[in-house]
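Notes follow the structure.
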Amino acid sequence: MQHSVLKASGHVDRFNDFMVKDVNDESKFFRADKLLEDVMDEKLKAADLTEAQRVEYTSVRNQADAYSQQELHQIFQKYKIKSPETGNDLSEPYEFNLMFPTPIGPGGYLQGYLRPETAQGIFLNYKFCLEQNSNRLPFGVAQVGRSFRNEIAPRAGLTRQREFTQAEIEYFVNPKNKAHPKFKMVKDTVLTLFHSDAQLSAQEPVKMTAGDAVGQGLINNETLAFFIVRTYQFLLHIGLDKEFVRFRQHLPTEMAHYACDCWDAEIFGSYGWLECVGIADRSAFDLNAHARAAKCDLQYKESLEKPIEREVLALTKKSGVDIMKAFKKDGRAVKEFIEKLPQEEIECIVKQLEAGTADVQVDGSSFTLTKELAVFERKMEKQTVNAFTPGVIEPSFGIDRIFASLLEHVYYARPKEEPGDDKDKQTRGVLAFAPSSAPYKCVILPLDQRIARDERYLTMMDAFQVQLVELGLSFTLDESNATIGKRYSRNDELGIPYAITFDFDTLEKDLEDLANTKVELLKQFFQAEPPKTKGEDLLDLWQQIYDETVRSTVVEAVSGPTDGSNPVLPYEKLYAIVGTGGHWKWPRIWRRFDELERRGAAYRDGDPINFGLPNPNPNIEPQTVLVVGGGPVGLRLAIELKLGGHQVTVFEKRREVRDETGQLQQLGFTNRINRPHVFNFLRNDLDRLNGRDFMSSKMCYPVFTQADTSSIGIDELQILLLKNALLLGVDFRMGMSYEDAEIILDPKTQKPRWKVKFTCDEQGSRSHGVPVGENFETFDVLMGCDGARSRVRESQKQIFGEVDKRNFKKMIGVVANVQKVSRQRLKDLGFASGQEPTDMKRAHLASGAGTMAGLNYYKASFHNYVIFTPSKEDLQAAGFSGSIYSFHSGRDKVNPNKAEEKMRLKRWVLDRCKEVGIPVDETLSNGGFVEEPNDVMAFDFSEIWKCKKNFAFNLPPMDYDSEVQGPWTGRSLVPPIGLVGDAVTEPFWIAGVGLQRGWNGVMDACFLIDNLYNMSFSGSPDPALTTSWNEHVQKLQTMVPVLYDCSHDGKMTKEGLQGEYADQGVVMTQLNKQQKDSEKPQWQLQVDPWTRYEQFAKQLEEKYKGARILENMHPTVRRALAIRKHPNDSEVFSAKKLKSINGKSIEVQDHIVQSRKLSAELPPSPAERASIPETEVARRASTKSENLQNMLAKQIDLHVQSAASSSKAFDDERWKPLSPKAESSGFAEVAEKQWDILTEKHLSPGQRAELLHVRNMQASLRQQIASLSTSLAAFERAERELLLGSQG
């Protein structure tokens, strides 16, 4: 380091120790303060020491390095201190500079020194570091490196060296505000403090909390105390004994004049209390010194919110001229130096001038000012910037001393054992390192050589060592011939805290326990359903199922054993471990997963579950995709992207919060229980995703056995989709909240990506290893599925623009969820049969209202769901404000300020339910409604909105190289980003189109992401090689608005809307040609838009027109025929072969739990019937229950099939092609027309009167029929009684 730097810092002039030497032997040198300490230590050991002498000697020892040169000489004379080696007299103390001088450069003309500390390099780079911290205070800079000091008397091993390792932190703060925001986190830490007053009076150190030390003024400020505590925590963390760690305050005489406060962390060892860390408040000395020497401004400029006026001292203009004249060529430099001085230093100059003269040092020269020459005046100055030189808090760590102290603290000797053949007769040393500081974290030990030579051990070790490396754990291997006990002792001496021993149990233990554990957990997982199970519960259960053991399991795939580069989906590993699990449903579950069509990288060439079919899109380039929002649409998008080979992460922030009494304070992401309408094609999709097996028969009934009123609870739908997402490998991160995202470019390829800023809560941090608070992560694609209040949409307005809004219907959607009523209670409420009414979807004329209101009533598994849609005017006429709860606030905790109005809304709902015959038991909790806030809500549909666009991207070619082609100069690059579901348009769920739009939007997004880099994409059904990248991008971008319009307006094919292939359509014509009376396959939603949207499907008509229908096989037909070749017990659907678990190779492949299934089929022997074990009773009960469930499931299937066979796929008379005008209108207009028909607003007054008459006649006839039925039953009972009576 250059001379000028260390001259400015003061090291050249003041970095000295006092030294004495033997007057008779000048080769004997001693450091004066250390020699004095040694002499005092010897005196303190005297047996006849008095209390007064103890206090005197202790005080002198404590101040040894604080004495001046003269004071040291006097003390040496007083105690007659001689040379410790020869007993000769010593010279007077004199200064010795501790720096090593060295010439710099080939000529050696530039004077330099080996650096005595690391800190000065930080001060030289202060301005650069401040810029890197966005010009904000406070901030810190840390540095670790070697330092060099010409130590007078090196000794005591690592404690006093001429070359050593030093670690320093320079923490820059506002000198007038040294509070620390995190001090409250450490203020209760108890420290051992040896303050200066205790040292001078020879008292003992005190124990005190850091907060009390700051409050009482022992420690100068919070920031200094914070670093003292953090130093203490670090020392304990690495393994030092807290009883031998203390903090000593510098005495006033040893503290630098500029320092505010200084403390040393001292550690007790074989050399006594040893200074290992210094924590000092150095004020602004260093920066001021370098600023003066370098003639640069190092002040921090803090902008003030409001300008302030203050009084300042400044040179008069005349004095400035006089100074320049007086000092001639140096005059300007002196004048500018004085003008730049801080006010505090100017005040000092003024006081000196009042007493006579003042000297100033400028560029190494001294200039004398007189009060006549330098005249200062006070004036008011308007200040918009507060300028100050930052103060510095400096913790400085002596790494070598800390390490030497640590070795002393962790070492102990294990005592000898009693003599014996198997006893250790030697004294064994132990280094009890804490895991945080141990060089090796663990040692791997085979029990003996038989284990070490076993091939299975070698296989396990390969996998196990890879796992340790991936976890970042250092380890060593000890396979020597020594006994296991001696090897334990040997590794204790090396300081290894953990030992992992491989024994025969490790190698021989069967996998049955693992499989049985997973079977029980999977059974809970498959059967989990709301309201008993929430999304958070399911995620916790999944962590137990898919733990590190299962993740590291290796199975045999068609491309070889699975590893990081050859992965399989989680369900495939679980299937390989548990097999059928002894449950009749499980083979069907695994088969459903196998039948899901893979695309891109998810498609494995040669895999039997491809059914011999080609990859639907082999040109997919896998992307890392972030899906924001764990609602139904977000989960369905994640599933479909995963089937395309993409890496998918889902962020979900909503976590259920309840108070101590169990009251719901905040809704979780699966707490919504409203029930959207389920279209037929959506029912098919849920069936494909194991809906019948992952939901109980009670939950399946309203989904799979209803027709026009088919519905599903949002919570039920989310749990079903979450199960699929987890089993397919979606990375679902609970507790992560998306905040913002910015575009970053790869320097070489110029590929744009999203740098996402998100926050993580405490539970999410524990689950995913992400720090609590703000974090950043990079993704290729960003998809917003986070609902109507989409944060993705709001954070990227420059892409999506402002939403389009327009007036819609002046109506309120009133939603109520009512509790189930027992059968007996139903009879009490007037429902004679004790059964609930069937689902309803019709209009209703409420009493007292002049207009019709829509009514939807769905029976659910654990509650019933009802929607009324009165006009806004009707509600206002009934005494409501007209805006009870917005669409958004209805999802949140009930607003206490509106509790009274909500009670009126409940009363209104109860009256309407009574009018239409919907049972509500007011004696139940919450008046018969479910718990808040899902009990009753109202949503305003006076206005609807729609985003202008739902997807955007602009990418460079994959082979773009900025080093060859230069930086990108085309249109601004945008990584793919999109919105799906409620995030892109107002969900008019009353018409039941929310899920329809969402599911089609999911497939559109997957289609676009799949084809981002597919150069064979042509914009038509058939692929074609695109000539240029720009042409490819243009074709794909042209598709975006077209797909958006189709999904938003519901322009699906006829078959798609019906959810069934037409009898005379292409698919069924081809199937019947291949198989007589062929079974009709389910119409399934696909990524390909040519199978979903009418205007796209028309492009395929030519391909199947006339005779071509038998020439070009439809992809659906090809897939259906390929799958039908394989029965349920086909080898295609068998589990993959297990290769290893936890590194253990599996030699014989049998389903581990197959015995459970076989035992369930064996009848008990007669001898066992006398006494049946409890476990057997439980097993048989489980079997009976499963058989009952099987029977119910089969009956449900038969019911659905009979319902399907009794109705035609199409009613050609009812189907009318839309006119061109109607086709050009949006979905909102179509929905309005449907709504008018539902509410009968299209009828004239005469037609309404006639309709009312017809309905009255229907009601009257029903009453007459009921009365006649009652009379008939009475006559039949009388007839029976007469006949029985006459016989008696």
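Of the options Val392, Ala463, Thr427, report the single residue whose Cα projects farthest towards the positive end of the charge dipole of the stretch 369-488 (beta-carbon charges: Lys, Arg +1; Asp, Glu -1).
Sorting the options by dipole projection puts first Val392.
Select from the stretch 965-1037 those trypsin sites (Lys or Arg not before Pro) which occupy a DSSP coil region and have at most 12 other Cβ atoms within 10 Å, ordered by residue number.
Answer by residue number: Arg971.
Classify the stretch 616-751: rounded, prolate or oblate, from the alpha-carbon gyration tensor (a ≥ b ≥ c, eigenvalue square roots; a/c under 1.5 rounded; otherwise prolate if a/b is larger than b/c)?
In terms of gyration-tensor shape, oblate.
For Leu218, what accessible surface area do you get with a 1.4 Å probe? Give it in Å², rounded to 10.
The accessible area of Leu218 comes to roughly 40 Å².
May I ask you to compute the full-extension gain from Thr969 to Lys45, defined as 0.36 nm times their residue separation minus their alpha-carbon distance, rounded to one decimal in nm?
The Thr969-Lys45 span can extend by a further 324.5 nm.
Using only the Cα atoms, work out Rg/Rh for the stretch 567-621, with Rh taken as the Kirkwood radius, to two decimals.
Ratio of gyration radius to Kirkwood radius: 1.03.
Which value, in debye to the nearest 20, describes the size of the charge dipole of the chain about its Cα centre when Lys and Arg Cβ atoms bear +1, Asp and Glu Cβ atoms bear -1, and nothing else is charged?
3760 debye
If I stretch the segment between Ser201 and Arg907 completely, what's the gain in nm (0.36 nm per residue apart, minus their alpha carbon distance), one decimal?
Fully extending the segment from Ser201 to Arg907 adds 246.1 nm.
Got a sec? Charge dipole of the chain, +1 on Cβ for Lys and Arg, -1 for Asp and Glu; which of Leu98, Met255, Leu287 is way out at the positive end?
The one lying farthest along the dipole's positive direction is Leu287.
Can you tell me what the convex hull of the Cα atoms of the stretch 444-499 projects to on average, as an area in nm²?
Computed as one quarter of the Cα hull surface, the answer is 3.8 nm².
To the nearest 0.05, how large is the calculated FRET efficiency for Ala601 and Arg1118 if R₀ is 22 Å and r is the Cβ-Cβ distance?
The formula returns an efficiency of 0.50 here.
For the pair Lys127 and Lys325, what calculated FRET efficiency results from E = 1/(1 + (r/R0)^6), where r is the Cβ-Cβ distance and R0 = 35 Å, to the nearest 0.05?
Rounded to the nearest 0.05, the efficiency is 0.50.
Using the Karplus equation 6.51 cos²θ - 1.76 cosθ + 1.60 (θ = phi - 60°), what ³J(HN,Hα) coupling, rounded to whole Hz, does each residue of the stretch 25-31 give in order, writing x for Gly and Pro?
After applying 6.51 cos²θ - 1.76 cosθ + 1.60, I find 9, 6, 7, 9, 10, 9, 7 Hz.
Read through the labelled values (i) 44, 41, 32; (ii) 53, 49, 31; (iii) 77, 42, 33 and report the label of the one computed as semi-axes √(5λ) of the Cα gyration tensor in Å from the structure.
For semi-axes √(5λ) of the Cα gyration tensor in Å, the calculated option is (iii).
For the stretch 1-125, what relative contact order do you get, as a whole percent, if you take Cα pairs closer than 8 Å and at least 6 residues apart?
It rounds to 35 percent for the stretch 1-125.
Rank-order 289-300, 1071-1082 by packing density, defined as the average count of other C-beta atoms within 10 Å over each peptide's residues, highest first.
289-300, 1071-1082
For Lys43, which lysines qualify as cross-link partners when the Cα separation must be under 18 Å and same-chain residues fewer than eight apart are set aside?
Lys34, Lys78, Lys80, Lys82
Going by amide H atoms built from the backbone, whose H comes under 5 Å of the H on Glu254, apart from near neighbours?
Answer set, sorted by chain and number: none.
Testing the spin-label approximation: label points 7 Å from Cα along Cα→Cβ at Lys757 and Phe1275. State their distance in nm.
8.4 nm
Take Met461, Met185, Met324 and sort them by solvent-accessible surface of the protein heavy atoms, 1.4 Å probe, largest at the top.
Ranking Met461, Met185, Met324 by accessible area, largest first, yields Met185, Met324, Met461.
Mind putting a number on the dipole of the stretch 600-665 about its Cα centre? Charges go on the C-beta only, +1 for Lys and Arg and -1 for Asp and Glu, and I need it in Debye to the nearest 20.
Computed about the Cα centre, the dipole is about 100 debye.
For the stretch 87-246, rounded, prolate or oblate, judged on the Cα gyration tensor with a ≥ b ≥ c (square roots of eigenvalues), a/c < 1.5 rounded, else prolate if a/b > b/c?
Oblate, since a/c reaches 1.5 and b/c is not below a/b.
Kindly work out what percent of the DSSP beta bridges joining two residues of the chain are antiparallel, to the nearest 5.
So the antiparallel bridges amount to about 85 percent of the total.
Test of the criteria: in the stretch 78-170, which GluC sites (Glu not before Pro) are in a DSSP loop and have at most 16 other Cβ atoms within 10 angstrom of their Cβ?
Glu85, Glu151
Starting at the first residue of the stretch 11-19, write each ³J(HN,Hα) from the Karplus equation 6.51 cos²θ - 1.76 cosθ + 1.60 with θ = phi - 60°, in whole Hz, x for Gly and Pro.
Karplus values, whole Hz, x for Gly and Pro: 5, 5, 8, 10, 8, 10, 10, 7, 10.
For Glu512 and Asn566, compute 0.36 nm times the residue count separating them, minus their Cα-Cα distance, and round to one decimal in nm.
Full-extension gain reported as 16.8 nm.
For Val1254 paired with Gln77, estimate the spin-label separation in nm (one decimal), with each label point 7 Å from Cα along the Cα-to-Cβ line.
12.8 nm
Mind listing the long-range amide H neighbours of Phe502? Cut-off is under 5 Å, sequence gap 5 or more, other chains count too, H placed in the peptide plane at 1.01 Å from N.
Leu445, Leu447
Give the peptides 3-9, 355-361 in descending order of average Cβ contacts within 10 Å, highest first.
Taking the mean over residues of other Cβ atoms within 10 Å, the ranking is 3-9, 355-361.
Could you tell me what fraction of 2.2 N^0.38 Å the Cα radius of gyration of the stretch 924-1080 comes to, as a two-decimal ratio?
1.49
Once you sort the root eigenvalues of the Cα gyration tensor of the stretch 535-599 as a ≥ b ≥ c, which label holds: rounded (a/c under 1.5), prolate (a/b larger than b/c) or oblate (the other case)?
Taking the square roots of the gyration eigenvalues as a ≥ b ≥ c, the stretch 535-599 is oblate.
Apply the Karplus parameterisation 6.51 cos²θ - 1.76 cosθ + 1.60, with θ equal to phi minus 60°, to every residue of the stretch 211-220 and state each ³J(HN,Hα) to the nearest whole Hz, in sequence, with x for glycine and proline.
x, 5, 5, 6, x, 8, x, 5, 9, 5
Taking amide H positions as placed 1.01 Å from N in the peptide plane, with prolines and chain starts having none, which residues 5 or more places from Lys1136, or on another chain, fall under 5 Å of its amide H?
Ala576
Find which of Phe172, Pro870, Val312 sits farthest along the positive direction of the dipole of the chain, computed with +1 on the beta-carbon of Lys and Arg, -1 on that of Asp and Glu, about the Cα centre.
With unit charges placed on the Cβ atoms, the residue in question is Pro870.
The values are calculated or read from the model by the stated rules, or taken from the named source; none is laboratory data. Values in this document were obtained by computation on a predicted structure and should not be read as measured data. As a convention, Cβ positions derive from the backbone with ideal geometry for all residues, glycine included, and neighbour counts pool all protein chains shown. Just the protein is used for accessible areas: all its heavy atoms, side chains included, with ligands, DNA and RNA removed. Shrake-Rupley method; radii C 1.70, N 1.55, O 1.52, S 1.80 Å.
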